[in-house]
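Scroll down for the structure; my scribbles are underneath it.
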Amino acid sequence: MEQQMGNMQRLNQAIMAAMQAINRSQGGGTGTRFQGWQGQGGDLQSWQQEQMAQKLKERVREAVRERVADEVKERLVEAARLKIRETLRERFAQELRSAIVEGQQGPSGFDFDRVCTVLRDRLGDVVERRIAEGLRERVGEAVRERVGEAIRTKLSDQLGPEDAEMVASELKERVADAVRNRIEEAVRERMHDAIRERIHQAVRERLAEAFQSAMSQAQTGFGPPDPERLISLVSERLQEPIGERVIEAVKERLADVVRDRLEEAVRERASDAIRPALLQRASGGKYPGGFDPQAITSQLRERVAANIRERVAPAIRERVESVVRDRIEETLRDRLSTVLRAAIVEQISSGGTPDPDRISEVVHARVREALRERLVEGLRERIDEVLGERLREAIRTAVREGGPSATFSGGNYDVGSFLNLQPMH
Amino acid sequence: MHPSTVDLMRSQARAIYQALTGTDLPEGEAEHSESDIPVEEVARRFADLEAMARRIPSVTEVVRCFSFAPPLDVREGEQQLMIEVAIPGIDRDDVAVEVHEDTLVISGVLRRREANGSSYLHTEIPSGPFYRVVKLPFPVKPEPRLELDRGIVVIKLSRSPDARKDRSAEKNEKD
């Protein structure tokens, strides 16, 4: 016995030493973190909490990947489209004028390529800046709306609606801030060249034709056409195709930009948003990562036992009484006459006078057998009925209503399946 | 808990410790010890340790899972049921087989091979306690016969007389 206890202690020490080694390997310092399993804040608890935080983080990432990036992108494409149109409307004529002036200053007269290049660079800068502005203005709102909703939906079955809301509102702000701060940089990195390239392409393809057609349109009388009218006509003809080309480029790249920035923001910020919710749950004794299993077990044991006593025992007593009464009546009615007759006939046929003691013995044996069979059968049926009807309900109520029921609220544990007990046989 | 299981659990904890620290577990390494600790509590702690350790790649690379479920085949013959369980390296005395009504429980321990001065760089071959439960398709006599054939534990269970009758009836019906 002593040796057995010694073995268990040695095993326990080995387990604890290994656990300390795990702590240390995961950056837990020199073993001071490990407090065994008895104390609050033991390392197992933080480990469980960390596991839950990781799971939630993964779910948040999934939610963002699945539901947010595309919708945010759609909204941002619209914002970019408006900005591009606005910019071209406001600036194209002016930039075209400057480009034409510069194109005329070439050594061999009007330099068409020079016009295209100047337009590409000047328009490119301004369009890029305005797209970034537009995205920055709108991305916060779009992310807040979509991230909040996606996270709420994704986490509510695990955390319950209140805590899911808490994580969602915390995280949507953090993610929106992070994405807003990085979107301009992302536009610079990923769209800079594409915007310029598309402007250049559109200008090269359409400028000559636009000029010709504008010239003929502007030629209303004798003499050269009015340059301002010419610029205005060319500008009108080019704005639309340039805008379309640029928006295509933005569309192609925006999905990746948004997805990457969202992922990055979630990766960096999710823990900060999830941990407060978990800590709050843990401190309220609600969260599995923060619970004290012994305290909960003992509270639940008392409550479940009390509930079974209160709800199940009387029902069993009631049914047992009735089944005993019914089955005794039934057995006596069905069997007693037959058994008596058989006992008497048996005595008479064996040639003696009926012996009351012998008859009693025979009747007693047969009735006892019959009663036992019927009572066992009846009791089993009725007890099964009661256990089926009342036991699950008694336990469920105890777990839900008791202090520790809070441990299971919030959806992390499915009390229904947890207590999916089968009737006993 | 069987003393040999306690030893195996301790070896596992030591192996985890060694995988993490590179050194053997010194006696009295733990910062505090508890007396009269219930067996269930130690078992639960061990399960937690094993679960935590399984999440650390440097441990999983060199420390086997504590327990495993050996693969098995179930064959039905005319007179008997044959269950073949693949446990290479098992000793006959380390397998226990019990029939409980309509289930067969196979359990035991596959002892870890000693590293003999070397240390594992990678390990996959399972060892430690194993446990399988097989639902029996018909009543059998509760005396299983065990044979060990090149790493395969062959368990033979004869049909109970009732099952034989049922089978004959079935055959007659088919015929």
Residues in the stretch B:77-96: is at least one in contact with a helix residue (DSSP H, G or I) (Cβ under 6 Å, 6 or more places away or on another chain) and touching a residue at least 24 places away in the same chain (Cβ under 8 Å)? no
Residues in the stretch A:153-169 that are open to solvent by 60 Å² or more (accessible area, probe 1.4 Å) and in contact with a Lys or Arg (Cβ under 9 Å, 6 or more places away or on another chain): how many? 3
Whether any residue in the stretch B:43-61 is open to solvent by 30 Å² or more (accessible area, probe 1.4 Å), modelled with pLDDT of 80 or more, in a loop (DSSP other than H, G, I, E, B) and on the phi < 0 side of the Ramachandran plot is what I want to check. yes
With the first residue restricted to the stretch B:37-64 and required to be in contact (Cβ under 8 Å) with a residue 60 or more places away in the chain, and the second required to be of a type in the set (A, V, I, L, M, F, W, C) and in a loop (DSSP other than H, G, I, E, B), Cβ contacts under 7 Å at 6 or more apart or on different chains are B:VAL62/B:LEU121
Reported set for the stretch A:60-119 where residues are touching a residue at least 60 places away in the same chain (Cβ under 8 Å) and among the basic types (Lys, Arg) is A:ARG61, A:ARG65, A:ARG67, A:LYS73, A:ARG75, A:ARG81, A:ARG85, A:ARG89, A:ARG97
Out of the stretch B:107-144, which residues are basic (Lys, Arg) and at pLDDT 85 or above? B:ARG132, B:LYS135, B:LYS141
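Within the stretch B:49-74, track down each residue that is among the charged types (D, E, K, R) and more than 14 Å from every other protein chain (Cβ to nearest Cβ).
Once the filter is applied, which keeps residues that are among the charged types (D, E, K, R) and more than 14 Å from every other protein chain (Cβ to nearest Cβ), the stretch B:49-74 yields B:ARG64, B:ASP73.
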Report, by residue number, each residue of the stretch B:117-149 that is without any contact (Cβ under 8 Å) to a residue 12 or more places away in the chain and not in a strand (DSSP E or B). B:GLY117, B:SER118
Take B:PHE66 and tell me if it is within 22 Å of B:ALA47 (Cα to Cα) and touching a helix residue (DSSP H, G or I) at 6+ places or on another chain (Cβ under 8 Å). yes
Considering each residue of the stretch A:338-392, count those that are of a type in the set (Ser, Thr, Tyr) and at pLDDT below 75, and give that number. 3
Output yes when any residue across the stretch A:296-305 is modelled with pLDDT under 75, in a loop (DSSP other than H, G, I, E, B) and of a type outside the set (Val, Ile, Thr), and no when none is. no
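The values are calculated or read from the model by the stated rules, or taken from the named source; none is laboratory data. These numbers were taken from a predicted model, which means no experiment stands behind them. Cβ atoms come from the backbone with ideal geometry, glycine included; neighbour counts cover every protein chain shown. For the accessible areas, the whole protein counts, side chains as well, though only heavy atoms, and no ligand, DNA or RNA atoms are used. Shrake-Rupley method; radii C 1.70, N 1.55, O 1.52, S 1.80 Å.
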